[in-house]
1. Any idea how far apart Lys127 and Ser163 come out in nm if each label point goes 7 Å out from Cα toward Cβ?
2. What is the angle, in °, between the Cα long axis of helix 91-105 and the longest principal axis of the Cα atoms in the chain? Nearest 10 is fine, range 0 to 90.
3. Any idea what the relative contact order of the stretch 1-105 is, in percent, if you count C-alpha pairs under 8 Å spaced at least 6 apart?
4. So what does Ile114 come to for accessible area, using a 1.4 Å probe and Å² rounded to 10?
5. If I stretch the segment between Asp85 and Arg100 completely, what's the gain in nm (0.36 nm per residue apart, minus their alpha carbon distance), one decimal?
6. Sort out for me the Cα centre separation of the stretch 87-165 from the stretch 1-51, rounded to whole Å.
7. Tell me the accessible surface of Val87 in square angstrom (1.4 angstrom probe, heavy atoms of protein chains only), to the nearest ten.
8. With only alpha-carbon atoms in the gyration tensor, what are the semi-axes of the equivalent ellipsoid for the chain, in Å, largest first?
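The values are calculated or read from the model by the stated rules, or taken from the named source; none is laboratory data. Everything quoted here is computed from the prediction, not taken from an experiment. In this analysis, Cβ positions are derived from the backbone assuming ideal geometry, glycine residues included, and neighbour counts consider all displayed protein chains. Protein only, heavy atoms only, side chains kept; ligands, DNA and RNA dropped before computing areas. Shrake-Rupley method; radii C 1.70, N 1.55, O 1.52, S 1.80 Å.
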Amino acid sequence: MKNEFVVIDITTNGLDEDSEIVSFAALRFENGIPIDRFFEYVNSGAVLSDNVSEILGITNDTLQRYGTTMEDAYWQFIEFCYGSDLVTMHHDFDSKFVERICRDYDLPALEKHITDLDTMFRLKFSKGYSTHNAINQLGIATDETDNWRHLDVAGKAYIALSSKI
């Protein structure tokens, strides 16, 4: 395991391939401790259904008021991640959206080493990654709340699984 890495999370307004990215989040770890955070809403005109809005805890008004353009949000995101190894919770899902926006907006891809927690979890426990599974299988505790809790658990799961390899 590296001493420094960034856990990334890309949130979309749905699960199908036509869904749109509505936020980027990242939590930087150094020596096992979260030291820096990045979060940006995206105002790309994506619409949240009432159901998705309830699940995510954000509204269309939030995206319109506080969101920035896809290009600006993505540039800020890759600047935050620059030079770091990256950890994703579900790389197969996230990568489809990142590849599409890179192509559609002519933006650079994330180029550093990317580790997928879902793959690590399936190899170790024969089940996919989730915050709930990580807490139960690895005994992870977190002081983080709300939006940062799942990223903190993911980082600690990566540390625990990497130390066992």
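1. With each label placed 7 Å out from Cα toward Cβ, I get 2.2 nm.
2. Approximately 30 degrees, to the nearest 10.
3. Details: 157 pairs, mean separation 31.2, N = 105.
It rounds to 30 percent for the stretch 1-105.
4. Accessible area, nearest 10 Å²: 60 Å².
5. Working: separation 15, 0.36 × 15 = 5.40 nm, distance 2.14 nm.
Once the chain is fully extended between Asp85 and Arg100, it gains 3.3 nm.
6. A separation of 11 Å, based on Cα centres.
7. Roughly 0 Å² of Val87 is accessible to a 1.4 Å probe.
8. Details: eigenvalues 133, 63, 46 Å².
Ellipsoid half-lengths, sorted descending, are 26, 18, 15 Å.
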